[in-house]
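One structure is given here, and the rest of the page talks about it.
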Amino acid sequence: MLARFASQVIPRRVRNYATSVANDPSKFRNIALVAHIDSGKTTLTESVLLTSNYLSAAGSVDTGSTTTDFLPAERERGITIQSASIPVKWKDWRFNLIDTPGHADFGMEVESASRVVDGAVVLIDSVEGVEAQTKGVWKQLDRYKVPTRLMFLNKLDRPGASFKSSLLSLMAHRLHPKPMPLTLPIASFNPEDYRRAEPGVEGLVDLVKWEVWKWDGQEKPTRHPLPESPESILASGIFPESHPIIPHLFSSRVALLENLAMFTEPLMEQLLEADSAETGYTDVKAATILPYLRKATISNEILPVLCGSAMKNIGTELVLDYVGELLASPKDVSIDIQPADKPLLMLAWKVAWDKRKGWMTFVRVYSGTLNRQTVIMNKTRGQKERVSKILLLYASQAEEVDSLPFGSVGVVLGLKFTRTGDTLVSTRGSAESSLPEIIPPPAVMSASIIPQSHSDLEPVQEALEALSRTDPSVRHEAQEGQLLVHGLGALHLEIVEDRLRNEWNARFEVGQRRVSYREGVGSEAQVSFDTWTTEIGGKKVDVKIDLEIRPAQEDEPGDPIWDGNIVLAADGKPLPSPDSFPDADSPLAFVARGLSNALSSSPHTSLAISRTHITVKGFSERKDAPPSVLSSAAAFILRHRLRDAGPGPVMEPYMDIKVSVTEETLGKVVRDLTEHGGEVLDLGSNTVTGGLDSDSLEAYSEDGVYVPPEWLSPSSTPVKFSVKGGPSLRRSVYAIVPLSRMLDYSTRLRALSGGHGTFEMSATGFKEVSPARRLEILKEIGRA
Ligand SMILES: Nc1nc2c(ncn2[C@@H]2O[C@H](COP(=O)(O)OP(=O)(O)OP(=O)(O)O)[C@@H](O)[C@H]2O)c(=O)[nH]1
Ligand SMILES: [Mg+2]
């Protein structure tokens, strides 16, 4: 697919870009941009490309001309669908920036990006503060232990933006207890604008480097060092007299340093010695502070906060500088796997298909160096792979290179079997460890795919296979002669359909769209059936597998690797997924494969099994039979036990939803949600402190955090004005709703709100349904 756009890339905009950056891993920064949908990740990426001189003119999401959103589906919709990784040279650093999608339906892309980066820039739309998917991506970063993060409060130019409320929302939603603003916004250099509550951002104060950046209509900003004493500020001519920020400058630097000193003994001593609190400790220089800031960022004691406007290229240089100065390099994080002289170890974190280039495997090198000559072994699948080319990819443009050093990210062509999440090593002196896999989020919707004619069946199946290789969150199966494709939501399935047609020229119709239901284990006492008998070479062979099976308790979190089941070995440790066993030929790996097979379809309803707790207490290893009998035995025995247990509870996917409407339509919208099985959690007028947490905990305390005054962002007010008529308060409704009743919600909300309502949804997990609803579902799937 990428190739189709090669001709659309606008070479005039692309300047010469030297990639001969030294191969020094301590200078690499592998970084993902992650955030809620529409917070400006792609716009910031474009601004980074412009600022770092890769582009001579920035494209725009709104006209469909950005570098990273290059798929037609992305340009048409103005949203990012697949993550794009771009190398950026900035000063003497080499960044690999991965622009990810914000829509929860493409959560897989954030999963895989989180898996391979050492740092993330998390964006906040400062009109909205922390949103549902901000917390979603934050959890993903936690899950993959992304060690360093930086916040960027974006869109400060918008009316209603608030630096203070956005900062507070980080603590209200418990993202981090110690956010630390390194820069302050200057809304305007004209004090009148503050008085008139005129929104905007024209400058930034860098509290660490003690300088002011001005964007006053010129293409490039100007930088102005700040004087060391309050008296000299006026003389410096940076601000007009009576500018409200003047009295605030020195005290905010004091707050920054004193808060940082709480984590840094030597800095504390220096501050005590400096005794220059009244003058903002301006004798303590940036060169002294930065190493302490870096250390506190890497140990996650603080969360650095920057701000600006990606659309106006305000603050982009500072993002780049602080990513380089504060976020982890591959050397900071690979403690046990060490570097260049070790054997090659890589993770395939993404696989894409290109009509001209064939399979493209995105890799990150965790140790050693990949050369074009290296013959590699896919440890996960036990298959040899041959590299034909190594590329650095600039969104849709590629540059060929000879090698990829330790710590870097690039693309390998020629691999035939590799899938997302596989570990790749060199056939010579292979590295010991396998890398943790990437787990696709659970599918919540399916659609049946009906090939146009009999001869289309095979191409359609092949296309589905290829697509699920590039996007592991797309699952497909044949069920009772029907092809079903499962995905993460309605938009995801729509894109899947597009891609099957456009990228693989598959010819098919789409049948009914359905929510993906799950079944739990039944509660009837099971006979402890544990033996499967087969015949090998005319001889009867008994294979025994002792399983302990029960429903998972409410407080036991399901394992995403096992689609919400909990599967343990005899020692109580979770079993890896069958695809990622450290040793694919071990007997337990065969047992795991069998279990996974049986769990994919209930003997009662053929729904996938979830929320079931299984312990493999023991099994017999037969020397006289191939190990694959363990798979057949495990599948047979588990299916038998599930049947014995009787039909289990049926579960359906629920969504977190936030609906924004005007005060007048609020009542109608709430009533409609309740009628459709929803549970309303909160009605907020201020999105910053309202939230989706049903488990809402208290906000982090403001102790030791510098909270700037509200007037710093003029016009900040929770009131948003309706398009028609007089002022009317916009309200947000937060609720949990069954996905099955929300498939037509766009139309429903349009009717309820006269076209003025907006909503966003993201999956929150599966919930057991009532007996009446169970009957409905069984009817829907033809089982009652
Ligand atoms: N006013 C203003 N608008 C912005 C700014 N940054 C982005 N936008 C607008 O916000 C919208 C979304 O921007 P994108 O860059 O596509 O956001 P994204 O985070 O990449 O969105 P997804 O990839 O779909 O999650 C576009 O209309 C942008 O023009 C900003 O700093 N100020
Ligand atoms: Mg985007």
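Taking P185 as the residue in question, decide whether it is closer than 30 Å to S732 by Cα and either in contact with a strand residue (DSSP E or B) (Cβ under 6 Å, 6 or more places away or on another chain) or within 16 Å of ligand 2 (Cβ to nearest atom) (or both).
Spelling it out, P185 is indeed closer than 30 Å to S732 by Cα and either in contact with a strand residue (DSSP E or B) (Cβ under 6 Å, 6 or more places away or on another chain) or within 16 Å of ligand 2 (Cβ to nearest atom) (or both).
So that you can scan it fast, the table gives a plain yes or no per residue for (1) within 20 Å of L391 (Cα to Cα); (2) among the charged types (D, E, K, R); (3) more than 14 Å from ligand 1 (Cβ to nearest atom):
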site: R75; (1), (2), (3): no, yes, no
site: D105; (1), (2), (3): no, yes, no
site: V110; (1), (2), (3): no, no, no
site: D118; (1), (2), (3): no, yes, yes
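Report the residue count in the stretch 80-96 for those that are touching a Ser or Thr at 6+ places or on another chain (Cβ under 9 Å) and within 12 Å of ligand 2 (Cβ to nearest atom).
Counting residues in the stretch 80-96 that are touching a Ser or Thr at 6+ places or on another chain (Cβ under 9 Å) and within 12 Å of ligand 2 (Cβ to nearest atom) gives 4.
Among (1) touching a His at 6+ places or on another chain (Cβ under 9 Å); (2) surrounded by 17 or more Cβ atoms within 10 Å (Cβ to Cβ); (3) charged (D, E, K, R), where does R499 come up short?
The failed condition is (1).
A quick yes/no check of all residues on (1) aliphatic (A, V, I, L, M); (2) in a strand (DSSP E or B); (3) surrounded by 15 or more Cβ atoms within 10 Å (Cβ to Cβ):
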| residue | (1), (2), (3) |
| --- | --- |
| S473 | no, no, yes |
| H476 | no, yes, yes |
| L483 | yes, yes, yes |
| G522 | no, no, yes |
| D555 | no, no, no |
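If a residue counts only when it is under 20 Å from P101 (Cα atoms) and free of Cβ contacts under 8 Å to residues at least 60 places away in the same chain, which helices (runs of 4 or more DSSP H) contained entirely in the stretch 124-210 have at least 1 such residues?
Answer list for the stretch 124-210: 132-143.
If R75 meets every condition in (1) modelled with pLDDT under 90; (2) within 10 Å of ligand 2 (Cβ to nearest atom); (3) farther than 30 Å from T369 by Cβ apart from one, which number is that one?
(2)
Could you say which residue among V616, V567 is under 24 Å from P440 (Cβ atoms), assigned to a strand (DSSP E or B), over 30 Å from the mean Cα position of the chain (by Cα) and touching a residue at least 24 places away in the same chain (Cβ under 8 Å)?
Sole residue among the options that is under 24 Å from P440 (Cβ atoms), assigned to a strand (DSSP E or B), over 30 Å from the mean Cα position of the chain (by Cα) and touching a residue at least 24 places away in the same chain (Cβ under 8 Å): V616.
I'd like to check something: does the stretch 43-55 contain any residue that is of a type in the set (F, W, Y), within 15 Å of ligand 1 (Cβ to nearest atom) and buried (at least 19 other Cβ atoms within 10 Å of the Cβ)?
No, the stretch 43-55 has no match at all.
Identify, from the list P626, P578, the residue that is at pLDDT below 90 and crowded, with 17+ Cβ neighbours inside 10 Å.
P578
Are any of the residues in the stretch 217-226 surrounded by 14 or more Cβ atoms within 10 Å (Cβ to Cβ), touching a Pro at 6+ places or on another chain (Cβ under 7 Å) and in the same structural domain as L184 (by TED's automatic domain parsing)?
No, the conditions are met nowhere in the stretch 217-226.
Which condition does G102 not pass, out of (1) within 20 Å of T45 (Cα to Cα); (2) free of Cβ contacts under 8 Å to residues at least 40 places away in the same chain, if it passes all the others?
With respect to (1) within 20 Å of T45 (Cα to Cα); (2) free of Cβ contacts under 8 Å to residues at least 40 places away in the same chain, G102 is out only on (2).
Going through Q397, Q383, Q373 one at a time, which residue ends up being surrounded by fewer than 19 Cβ atoms within 10 Å (Cβ to Cβ) and within 20 Å of D69 (Cα to Cα)?
Just a single option satisfies the conditions, and that option is Q397.
Can you report the number of residues in the stretch 37-68 which are at positive phi and near ligand 2 (Cβ under 9 Å from one of its atoms)?
2
The values are calculated or read from the model by the stated rules, or taken from the named source; none is laboratory data. The model shown is predicted, which means the values in this text are computed figures rather than measured ones. Note that each Cβ is placed from the backbone with ideal geometry, even for glycine, and that neighbours are counted across all protein chains shown.
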